[in-house]
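Reading through the structure tokens given below for one structure.
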Amino acid sequence: MSCTNKKKILEIEELSVSFLQYKGKTSRQSWLPVISGLSVAVREGELVAVVGSSGSGKSLLAHAILGILPYNANVSGTMKFQGELMDEKKISELRGKEIAFVPQSTLYLDPLMKVGKQVWGKRGRKGAEKQSELFRRYGLPKETETKYPFECSGGMTRRILLSTALMENPKLIIADEPTPGMDLTLAKKSMEDFRKFADEGNGVLLITHDIELALEVADRIVVFYAGKTVEEAPVSDFRSEETLRHPYTKALWRALPQNGFTPLDGTQPYVKDMPQGCPFGPRCSWYREECKGEIPMVEAGCGSVRCIRYCM
């Protein structure tokens, strides 16, 4: 539930991702589930931020949407783009055109090609002009286009990747941790551009660990924990701990500097050591016997939550 009837650009239902792995030194193989039963949507004019700690499955979500997971991955569930089912062929057609990607790793750039040519590609003179305009917008000197990736700092490389995503006219941008390495001014500038892109009737799926920055520009926040969505809430719900629902989301709120910088005891479980039922159970003060069962996402206000307290 989102309290809006805007048209959906991206719709994901019950997405699960697992990897085929060998067991130890034997030839036996088994499936390792890393994302299970995930549902999320991005509507026209929306910037949706996916937040969570490292290892929660955020980047795998982006890779699954774009069809760039490794060969040993298995994906199930339903993905739609503007109402049309996304199969392998459709994803290939959309990737880099209707759906643009700002990757987390700077290794996506070809180390043997100058960055200017990588950004404008085969677009010719008009492409080179747009690339120069984008470089100016993100504070990249003119000579940057003649450099190789290894001659650029981490922050410069991220701005180059952002420029690459904006070269076409996509309907959806998926940005995976786009701001590490940037100073705060440029990071906020990037977020403002994503916000402007969404305000023009497009959609942005922002994957980030920087909740503070996300809260400044996002419409909705989707909270991941150990491969599951535990809460989806409008940004307005993050004004107070009382308006948030899941105990992990509340813990994230308390961990923000302005809210006390309070740490949470324990660690996120490794996928092979997942507890029965709620993955947050061992760290939760509300934990009870019922939490060991399967807990669905249920509507709550203008969002949804995966917690037994809202299923009773």
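The values are calculated or read from the model by the stated rules, or taken from the named source; none is laboratory data. Computed from a predicted structure; not experimentally measured. Glycine also receives a Cβ, built like all others from the backbone with ideal geometry; neighbour counts cover every protein chain displayed.
Scanning the range 109-127 for residues that are within 12 Å of M167 (Cβ to Cβ) and hydrophobic (A, V, I, L, M, F, W, C), which turns out farthest from the chain's Cα centre (by Cα)? Top of the filtered list is W120. Could you list all residues from the range 91-116 that are modelled with pLDDT of 90 or more, closer than 28 Å to L140 by Cβ and out of contact with any Asp or Glu (no Cβ under 8 Å at 6 or more places or on another chain)? Selection gives L94, R95, E98, I99, L109, D110, P111, L112, M113.
Out of T164, T157, T78, one residue alone is modelled with pLDDT of 95 or more and either assigned to a helix (DSSP H, G or I) or not charged (D, E, K, R) (or both). It is T78. Take the conditions (1) part of a loop (DSSP other than H, G, I, E, B); (2) in the same structural domain as R43 (by TED's automatic domain parsing); I221 misses just one of them, which is (1). The set of residues in the range 81-103 that are outside any strand (DSSP E or B) and either crowded, with 19+ Cβ neighbours inside 10 Å or on the phi > 0 side of the Ramachandran plot (or both) comprises Q82, G83, M86, L94, G96, P103.
Okay, residues lined up against (1) surrounded by 14 or more Cβ atoms within 10 Å (Cβ to Cβ); (2) among the basic types (K, R):
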position: K8; (1), (2): yes, yes
position: T26; (1), (2): no, no
position: Q29; (1), (2): no, no
position: V34; (1), (2): yes, no
position: E46; (1), (2): yes, no
position: V50; (1), (2): yes, no
position: N72; (1), (2): no, no
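Every residue in the range 282-299 that is touching a residue at least 60 places away in the same chain (Cβ under 8 Å) and surrounded by 14 or more Cβ atoms within 10 Å (Cβ to Cβ), please. Correct list: M297 only.
Only one entry of P279, P275, P263, P269 meets the criterion of being buried (at least 21 other Cβ atoms within 10 Å of the Cβ) and not in a strand (DSSP E or B), and that entry is P279.
For (1) modelled with pLDDT of 90 or more; (2) of a type in the set (S, T, N, Q); (3) not in a helix (DSSP H, G or I), each residue gets a yes or a no:
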| residue | (1), (2), (3) |
| --- | --- |
| E168 | no, no, yes |
| I174 | yes, no, yes |
| P178 | no, no, yes |
| K188 | no, no, no |
| F194 | yes, no, no |
| A198 | yes, no, no |
| G201 | yes, no, yes |
| L206 | yes, no, yes |
| A214 | yes, no, no |
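Does any residue of the range 126-138 turn out to be under 20 Å from A49 (Cα atoms), charged (D, E, K, R) and surrounded by 16 or more Cβ atoms within 10 Å (Cβ to Cβ)? Within the range 126-138 (the criterion being under 20 Å from A49 (Cα atoms), charged (D, E, K, R) and surrounded by 16 or more Cβ atoms within 10 Å (Cβ to Cβ)), the answer is no, since none of the residues qualifies. Look at (1) aliphatic (A, V, I, L, M); (2) modelled with pLDDT under 90; (3) crowded, with 18+ Cβ neighbours inside 10 Å and you find that M1 fails only one, number (3). The set of residues from the range 22-52 being closer than 14 Å to L69 by Cβ and of a type outside the set (A, V, I, L, M, F, W, C) comprises just one member, P33. Listed by first and then second residue, the pairs with beta-carbon distance under 9 Å, at least 6 apart or on different chains, first residue in the range 49-63 and without any contact (Cβ under 8 Å) to a residue 40 or more places away in the chain, second in a strand (DSSP E or B) and among the small types (G, A, S), are H63/A73. For D87, the criteria (1) free of Cβ contacts under 8 Å to residues at least 40 places away in the same chain; (2) acidic (D, E); (3) under 21 Å from E200 (Cβ atoms) hold in every case but one, which is (3). Of the numbered criteria (1) modelled with pLDDT of 95 or more; (2) more than 25 Å from M156 (Cα to Cα), the one E88 fails is (1).
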